[in-house]
Amino acid sequence: MPAIPGATPDALDAALADPIEVARRLDVDPERGLTAADAATRLAAHGPNELRSAGGTPFWRRVVAQVADPLILLLIAAIAVSLIAWLVEGAEGWPIDAIVIFGIIVLNAVLGLVQESRAERAVAALAVMTRARSTVLRDGTLRTVPSAELVPGDLLVLAEGDQVGADARVVRATSLQVAEAALTGESTTVEKHPETLTERVPLGDRHDMVFKGTAVSRGTGRAIVTATGMSTEMGAIATLLDETVAEPTPLQVEVGHLGRTLGRIVIGIAIVVMLTVALVQGVRTPSEWVTVLLLGVSLAVAAVPEGLPAILSLVLALGVQRMARRNAVVKTLSSVETLGSASVICTDKTGTLTTNQMTIQRIVTASGTVDLGGVGYAPVGRATVKGRPLEDGPLRTEVGIVLGAGSLANDAQLAEREGEWRIEGDPTEAAFLVAARKLEGTTVEAARYDRVGEVPFSSERKMMSTAHRHERGDLVVLSKGAPDVLLEHCTRIRIGPDIVPLDAVRRARALADAEALSEEAFRTIGVAYRPAPELGGGDGGPDVTGFDESAEHDLVYAGVVGIIDPPRPEVRPAIAEARAAGIRVVMITGDHPATAARIARDLGIIDEDGIALPGARLDGMDDRQLRDAVRTVSVFARVAPQHKLRIVDALQAEGLIVAMTGDGVNDAPALKSADIGIAMGITGTEVTKEAANMVLADDDFATIVHAVREGRGIFDDIRKFLRYLLYSNMGEVLTVFLGVVFAGALGFTAASEGGLVLPLVATQILWINLVTDSGPALAMGVDPEIDDVMARPPRGLHDRAIDLGMWIGIGVTGLVIAVITLLTMDMFLPGGIVPGGTDTFDVARTAGFTTLVFAGLFTAFNARSATSSAFRGLFTNRWLWGAVALAVVLQVAVVSLPPLQVAFGTAPLDGVHWLVCAGMASVVLWVEELRKLGILLATRRRADGAGARFRAA
Ligand code: ATP
């Protein structure tokens, strides 16, 4: 059999073979990676790098699930009974009821299936947006590709915070540490290096391999992919993962529970109705029994909103899609609900509140201060001292060292493409590259140094160092970092051509210089260096061995730079909006307290006299003290990632629902612990994105506030359709119940010429619920905002979707609907409470049926807000108007078309009937408008009263 290109060697073989052998067997250039064409061929041969999921549910199962609802089964049983009765009675004519009810069940199942698949498509589209990505070298250039497209032979380029996309043989590593808990359960990180294993060892000890599903917690490296998809070690245990079921959201649980409770209540009512008919009217023939049975069952089916969970998922999924279009990609439906309840947003500063467009504007050294002109990444701008050009001398020398060393201890890249300067890497570092180009000669000098070692930057250490060898052969350590931290490692300071001891006075002065820059909102970074002959060992090789943190001592302080990072213009209004909505904004940053406080004041997070609490102070606090602190402090500065976790916990202990942003790999635990973890889409690592509930595609704080608004809006919409469905369902149940009980008083019995007197027949009840009500209910799920959702405090996470007020509203509205429906029927009949009618019972019942349908449509407008008039934003929901128009047309059809008249037991109505029905139905609107007016007046009076008390005080 011909070999597949890049056929996967056994994973353990790869661990035991040296890197060159692995590259040869997988036919890949270990320096340039695969070619794009080769990668495509291999992808076709091996298939996507995915852990196969259980696959979709087969179609027949979905259909069964649609009709497997106990109430629908009850209905099917009732149809069977009615068919038997029809056969027993001689099978005359068509079993109309049975056929119609069956048709409605089918229609309902089809609608359910359509809704379900739309919701699924929406969720699948989101999954595509949040899928993991990997960096690879292909054709010698760095590419970021979806991890699903990795193939055996791909050259993975790993960095801190990356998710390892496939099993791979390590070929190069610098302090590479990987967290393998997901695979091995081992919680400490594992060091990886390319040295070939000499014997077979367990998974957790294979230091020359990295595995799919694990994460790089530190360092950098390269590795050749040896296995993808189900062939990976993760694939071997993936059968366990296959079965992950989407958890229902709390709201879905509540609604499911509600449905079941209502089911029980309504079945009780249905039984009472059936017994009442049987006792009061006396049921004689089997067909009468069947009619009563069908009525009872239909009532139960109709009154229980069994389709609710499906509509709920659809509304949530559509809302999530809307949010994604505005750059907030939510990963789980339940986060939408939580988002609407958020009461505090903890946010990073750099890049989220600010633009992350870093420009060095000032350099302060022992000999003075230099201003650097220009903004952005174009290296144009002049160095000046108090407005005059910077001249040669001690200051010039010191500034040259600061910018030269800062641009060498650096991993960013700066390049001009089509006249535009672009950066690659960390903007803070890129700022040094730009500034160095503004100072003549600096880059030329820097080019004489080769990098031979590195201790990477981390948010914990807040500094980084590199080792360099000059052309002449001398070795130096170059460091840059937060000035307060860096100065701890310095014992000397550079003044002009001299290096002098950093005594207490000079140290205090250097700190004060940095502090002064921070007070002006500058982000500050200090630079230091040290000749390091001891590193060389004299062999002149490409890398120095054993270069690590221990080399960061006795440094010579060179100076500090002030970087501006302007706030994003849209953030200030977003913070004001959040505060108005009862949401606190807390800034948690690694930056200097003075810088953080200045920016927090400018953005309106704290008042002019507000302060920032330094992270070091948190270390001295116990949990109790920290809880006291988080009540008042809204800016935490110079914090390390582990502080974030403690702050989240303290806020949660205060009963707050916490949304928390993060980007670095060490932020993942805090994001997981927060109620809503938010990862940065642009600057965030794959690990944080994985841990988060939501990813911000644009890294912008304002997007979080938009998302909260959407979350609240979605919840409001869900309440709207719950209110609507329950209003009209209650109307039907009460109509049938009261109609049966008061059949005599209302003149029904006298008009019915013997036989059963039912205010509605089974098919009519099903028609209302499954045909005319469905459209408006769906339209309600995408209703635009009527009440300002950001003008109220956040909803408690455990607050019920249907509270007591709503239940009372449902009872009252239901009663009004029942009364107007029954009175309309009575009006057209002789006798009863309203005398003077002359119609037959069939005509009166059709008028009642129509009134009930129309009242339902009016109710839709009532249900859009619990407090605002139905006329507010009356025309903003075109879906609702479309659904109402369709329902009216369908109602006209069911009343006027002879075949439908037979199917639904209706009789033709004339113009007067239609007008009376519409007029009577509108009563439900007016009653509700009066109630809302009452609320408005009461609120005004209360506000006036409070105002008067305020004035009196
Ligand atoms: P935030 O947490 O709001 O994103 P941040 O990005 O300022 O804030 P860190 O990245 O932890 O937080 O940076 C903390 C400090 O470390 C900075 O104030 C700066 O002095 C220093 N610093 C940041 N980036 C670098 C870097 N690449 N090299 C050296 N020092 C750096």
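Taking Trp914 and the conditions (1) over 13 Å from Thr846 (Cα atoms); (2) at pLDDT 95 or above, which numbered condition does it fall short on, given that it satisfies the others?
All conditions pass for Trp914, except number (1).
Might you let me know whether the range 494-507 holds any residue that is closer than 16 Å to Pro531 by Cβ, touching a residue at least 40 places away in the same chain (Cβ under 8 Å) and either outside the structural domain of Asp450 (by TED's automatic domain parsing) or in contact with an Asp or Glu (Cβ under 9 Å, 6 or more places away or on another chain) (or both)?
yes
Considering only the range 330-342, I want to know if a residue exists there that is within 28 Å of Gly662 (Cβ to Cβ), within 16 Å of the ligand (Cβ to nearest atom) and touching a residue at least 40 places away in the same chain (Cβ under 8 Å).
Among the residues of the range 330-342, not one is within 28 Å of Gly662 (Cβ to Cβ), within 16 Å of the ligand (Cβ to nearest atom) and touching a residue at least 40 places away in the same chain (Cβ under 8 Å), which makes the answer no.
Of all residues in the range 626-641, which are assigned to a helix (DSSP H, G or I) and either away from the ligand (no atom under 12 Å from the Cβ) or at pLDDT 90 or above (or both)?
Leu626, Arg627, Asp628, Ala629, Val630, Arg631, Thr632
Considering only the range 632-688, state which residues are among the aliphatic types (A, V, I, L, M) and touching a Phe, Trp or Tyr at 6+ places or on another chain (Cβ under 8 Å).
If the condition is that a residue be among the aliphatic types (A, V, I, L, M) and touching a Phe, Trp or Tyr at 6+ places or on another chain (Cβ under 8 Å), then Ile647 is the only one that fits.
Could you please find all residues in the range 439-480 being charged (D, E, K, R), more than 41 Å from the chain's Cα centre (by Cα) and buried (at least 19 other Cβ atoms within 10 Å of the Cβ)?
Matches in the range 439-480: Arg469 only.
Would the range 278-296 turn up any residue that is touching a Lys or Arg at 6+ places or on another chain (Cβ under 9 Å), in a helix (DSSP H, G or I) and in contact (Cβ under 8 Å) with a residue 60 or more places away in the chain?
Checked against the condition, which is being touching a Lys or Arg at 6+ places or on another chain (Cβ under 9 Å), in a helix (DSSP H, G or I) and in contact (Cβ under 8 Å) with a residue 60 or more places away in the chain, the range 278-296 yields no hits at all.
Can you spot a residue in the range 344-364 that is touching a strand residue (DSSP E or B) at 6+ places or on another chain (Cβ under 9 Å) and of a type in the set (Asp, Glu)?
Within the range 344-364, one or more residues are touching a strand residue (DSSP E or B) at 6+ places or on another chain (Cβ under 9 Å) and of a type in the set (Asp, Glu).
Quick test for you: out of Glu488, Glu519, Glu549, pick the one residue that is within 16 Å of the ligand (Cβ to nearest atom) and without any contact (Cβ under 8 Å) to a residue 24 or more places away in the chain.
Glu488
Restricting the range 164-193 to residues that are of a type in the set (D, E, K, R) and touching a strand residue (DSSP E or B) at 6+ places or on another chain (Cβ under 8 Å), which is nearest to Thr228 (Cα to Cα)?
Out of the qualifying residues, it is Asp167.
Given the condition without any contact (Cβ under 8 Å) to a residue 60 or more places away in the chain, not assigned by TED's automatic domain parsing to the domain that holds Glu398 and not hydrophobic (A, V, I, L, M, F, W, C), answer yes or no: does some residue in the range 582-597 qualify?
no
Can you go through Arg200, Arg206, Arg172 and tell me which one is basic (Lys, Arg) and modelled with pLDDT under 85?
Going through Arg200, Arg206, Arg172 in turn, the sole match is Arg200.
Tell me which strands (runs of 3 or more DSSP E) are completely within the range 645-760 and hold 1 or more residues being out of contact with any strand residue (DSSP E or B) (no Cβ under 9 Å at 6 or more places or on another chain), or say none if there are none.
In the range 645-760, no matching strands (runs of 3 or more DSSP E) lie anywhere.
Please tell me if Thr369 is away from the ligand (no atom under 16 Å from the Cβ) and at pLDDT 95 or above.
yes
Return the pairs, sorted by first residue and then second, in which the second residue is within 14 Å of the ligand (Cβ to nearest atom) and part of a loop (DSSP other than H, G, I, E, B), the first residue lies in the range 429-449 and is in contact (Cβ under 8 Å) with a residue 24 or more places away in the chain, the beta carbons are less than 8 Å apart, and the residues are 6+ apart or on different chains.
Short answer, once both residue conditions are applied: Ala430/Met358; Ala430/Ala412; Ala431/Met358; Phe432/Asn410; Phe432/Ala412; Leu433/Asn410; Leu433/Ala412.
Of the residues that sit in the range 823-871 and are surrounded by fewer than 24 Cβ atoms within 10 Å (Cβ to Cβ) and among the hydroxyl-bearing types (Ser, Thr, Tyr), which one is nearest to Gly775 (Cα to Cα)?
Restricting to residues being surrounded by fewer than 24 Cβ atoms within 10 Å (Cβ to Cβ) and among the hydroxyl-bearing types (Ser, Thr, Tyr), the top hit is Ser865.
Given the options Val586, Val544, Val571, name the one that is surrounded by fewer than 24 Cβ atoms within 10 Å (Cβ to Cβ), within 14 Å of the ligand (Cβ to nearest atom) and more than 30 Å from Ser367 (Cβ to Cβ).
Every option except Val586 fails the conditions.
Which of the residues that make up the range 460-488 are closer than 14 Å to Pro531 by Cα and either modelled with pLDDT of 95 or more or part of a strand (DSSP E or B) (or both)?
Selection gives Ser465, Thr466, Ala467, His468, Arg469, His470, Leu475, Val476, Val477, Leu478, Ser479.
Just give me the residues in the range 459-478 being out of contact with any helix residue (DSSP H, G or I) (no Cβ under 6 Å at 6 or more places or on another chain) and either among the β-branched types (Val, Ile, Thr) or near the ligand (Cβ under 9 Å from one of its atoms) (or both), in sequence order.
Once the filter is applied, which keeps residues that are out of contact with any helix residue (DSSP H, G or I) (no Cβ under 6 Å at 6 or more places or on another chain) and either among the β-branched types (Val, Ile, Thr) or near the ligand (Cβ under 9 Å from one of its atoms) (or both), the range 459-478 yields Glu460, Arg461, Met464, Thr466, Val476.
Inside the range 328-419, counting only strands (runs of 3 or more DSSP E) that do not spill past its ends, which hold 2 or more residues that are more than 38 Å from the chain's Cα centre (by Cα) and surrounded by 24 or more Cβ atoms within 10 Å (Cβ to Cβ)?
359-365
Regarding the range 507-514, can at least one residue be identified that is within 13 Å of the ligand (Cβ to nearest atom), closer than 19 Å to Leu408 by Cα and at pLDDT 95 or above?
No: zero hits.
Results for (1) at negative phi; (2) of a type in the set (Asp, Glu); (3) in contact with a strand residue (DSSP E or B) (Cβ under 9 Å, 6 or more places away or on another chain), shown as yes or no for each residue.
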site: Leu778; (1), (2), (3): yes, no, no
site: Asp783; (1), (2), (3): yes, yes, no
site: Ile820; (1), (2), (3): yes, no, no
site: Leu829; (1), (2), (3): yes, no, no
site: Gly832; (1), (2), (3): no, no, no
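Among the residues in the range 373-385, are any over 24 Å from Ala521 (Cα atoms), out of contact with any Ser or Thr (no Cβ under 9 Å at 6 or more places or on another chain) and either within 16 Å of the ligand (Cβ to nearest atom) or not aliphatic (A, V, I, L, M) (or both)?
The answer is no, given that none of the residues of the range 373-385 is over 24 Å from Ala521 (Cα atoms), out of contact with any Ser or Thr (no Cβ under 9 Å at 6 or more places or on another chain) and either within 16 Å of the ligand (Cβ to nearest atom) or not aliphatic (A, V, I, L, M) (or both).
Are any of the residues in the range 876-899 closer than 27 Å to Asp787 by Cα, among the hydroxyl-bearing types (Ser, Thr, Tyr) and assigned to a helix (DSSP H, G or I)?
No, there is no match, as no residue in the range 876-899 is closer than 27 Å to Asp787 by Cα, among the hydroxyl-bearing types (Ser, Thr, Tyr) and assigned to a helix (DSSP H, G or I).
Does Leu502 qualify as being closer than 27 Å to Ala637 by Cα, more than 16 Å from the ligand (Cβ to nearest atom) and surrounded by fewer than 24 Cβ atoms within 10 Å (Cβ to Cβ)?
yes
Enumerate the pairs (first residue in the range 462-483 and more than 21 Å from Gly546 (Cβ to Cβ); second residue anywhere and in a loop (DSSP other than H, G, I, E, B) and away from the ligand (no atom under 16 Å from the Cβ)) with beta-carbon separation below 9 Å, excluding pairs fewer than 6 apart on the same chain, so at least 6 apart or on different chains.
Glu471/Arg448; Arg472/Arg448
Testing Arg284 on (1) out of contact with any helix residue (DSSP H, G or I) (no Cβ under 9 Å at 6 or more places or on another chain); (2) modelled with pLDDT of 80 or more, one condition comes back false. Which one is that?
Just one mismatch for Arg284, condition (2).
The values are calculated or read from the model by the stated rules, or taken from the named source; none is laboratory data. These numbers come from a predicted model, not from an experiment. Because the Cβ atoms are built from the backbone with ideal geometry, glycine has one as well, and the counts that use them run over all protein chains shown.
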